[in-house]
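Participant: Got a structure for you, questions after.
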Amino acid sequence: MTQDELRRYLEFYQDLGVKTLVRRQAKHAAPAEPQPAAVAEAPALPALEPAGDTLLKILEDIGDCKRCRLHEGRNKLVFGTGNEQAKLVFVGEGPGADEDEQGLPFVGRAGQLLTQMIEGTARKEGIPLVRADVYICNVVKCRPPENRTPQPDEMEICGQFLYRQLQAIRPKAICALGSTATKAVLGTKEGVTRLRGKWQRWRDIPVMVTYHPSYLLRPYNQNAKKEAWEDLKMVLHYVYD
Ligand code: URA
């Protein structure tokens, strides 16, 4: 394991609230002092992103998830949708009422705007692309009550599945929609306004931060709409030219 892998591994478990890890003796190390029988061997830690990970495997691992309180109000879990080999992945915040009902991300008003943004921009720029060509998912897979912002522990718990989705797809670029997606993907508290319009990075994948479509639906945010279109133009040309 490289130092970078070890760091990610430890950060991952720290994010899940694990404060102490027991170090197992390496197979090739010299025999250690005899251990008292009562000290059980630490269980092997699961791989961060299991080798040969697939979206289907991730969905199976999520299962009938009850890992956080969001499951209590869930109608349907919203895993993600689109092309499993997409070159571009959009990450939103979490399901709303329509998404919770249908089990699909971005199918309500914000979703219709997202579809228009993707397909309208692609058409204007002469890029043959429809929504089904990209992959769309959220940070949290269950609808937060009253559509509130997901809480840090909910984001951490569900974030492991988002990372696995991103790692399994390995798109050419990621577009983070709004501040929750930005926080989850980039691990930063920096706002969308400051980060948008310039490439950021998740691991080695370029990330474009832009405004969440729900924010753009508000009539007083028309300037942000122009900016979001500019961001998307940049993303589409980078990915599909
Ligand atoms: N908002 C999101 O962030 N995700 C959805 O799926 C729908 C609305």
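The values are calculated or read from the model by the stated rules, or taken from the named source; none is laboratory data. Computed from a predicted model, the values in this text were never measured in an experiment. When we count neighbours, we look across all protein chains shown, and the Cβ atoms used for this are built from the backbone with ideal geometry, even at glycine. The area values use the complete protein model at the heavy-atom level, side chains included, leaving out ligands, DNA and RNA. Shrake-Rupley method; radii C 1.70, N 1.55, O 1.52, S 1.80 Å.
Participant: Kindly indicate the residue of segment 62-106 that is β-branched (Val, Ile, Thr) and open to solvent by less than 40 Å² (accessible area, probe 1.4 Å) and also nearest to the ligand (Cβ to nearest atom) among those meeting that condition.
Facilitator: If we take residues in segment 62-106 being β-branched (Val, Ile, Thr) and open to solvent by less than 40 Å² (accessible area, probe 1.4 Å), then 78 is nearest to the ligand (Cβ to nearest atom).
Participant: Sticking with this structure for a sec: So which of 200, 222 is open to solvent by 70 Å² or more (accessible area, probe 1.4 Å), away from the ligand (no atom under 15 Å from the Cβ) and either part of a strand (DSSP E or B) or more than 27 Å from residue 100 (Cβ to Cβ) (or both)?
Facilitator: Just a single option satisfies the conditions, and that option is 222.
Participant: For segment 120-137, enumerate the residues that are of a type in the set (A, V, I, L, M), away from the ligand (no atom under 16 Å from the Cβ) and part of a loop (DSSP other than H, G, I, E, B).
Facilitator: Answer for segment 120-137, where residues must be of a type in the set (A, V, I, L, M), away from the ligand (no atom under 16 Å from the Cβ) and part of a loop (DSSP other than H, G, I, E, B): 127, 129, 130.
Participant: Right, another one. Kindly establish whether residue 140 is within 16 Å of the ligand (Cβ to nearest atom), among the β-branched types (Val, Ile, Thr) and either free of Cβ contacts under 8 Å to residues at least 60 places away in the same chain or in a strand (DSSP E or B) (or both).
Facilitator: no
Participant: Something else now. Answer yes or no as to whether residue 178 is among the small types (Gly, Ala, Ser), in contact with a strand residue (DSSP E or B) (Cβ under 8 Å, 6 or more places away or on another chain) and either crowded, with 18+ Cβ neighbours inside 10 Å or more than 23 Å from residue 57 (Cβ to Cβ) (or both).
Facilitator: Yes: the conditions hold for residue 178.
Participant: Within segment 125-158, restricting attention to residues that are β-branched (Val, Ile, Thr) and under 15 Å from residue 107 (Cβ atoms), which residue is surrounded by the most Cβ atoms within 10 Å (Cβ to Cβ)?
Facilitator: Out of the qualifying residues, it is 136.
Participant: Let me ask you something else. So which pairs qualify, if the first residue must be in segment 58-83 and outside any loop (DSSP other than H, G, I, E, B), the second must be open to solvent by 50 Å² or more (accessible area, probe 1.4 Å), the Cβ gap must be under 7 Å, and the two must be at least 6 apart or on different chains?
Facilitator: Matching pairs, first to second residue: 73/143; 73/145; 81/104; 82/132.
Participant: Being surrounded by fewer than 17 Cβ atoms within 10 Å (Cβ to Cβ), out of contact with any Leu (no Cβ under 7 Å at 6 or more places or on another chain) and in contact (Cβ under 8 Å) with a residue 40 or more places away in the chain is the filter here; which residues of segment 107-123 pass it?
Facilitator: Once the filter is applied, which keeps residues that are surrounded by fewer than 17 Cβ atoms within 10 Å (Cβ to Cβ), out of contact with any Leu (no Cβ under 7 Å at 6 or more places or on another chain) and in contact (Cβ under 8 Å) with a residue 40 or more places away in the chain, segment 107-123 yields nothing.
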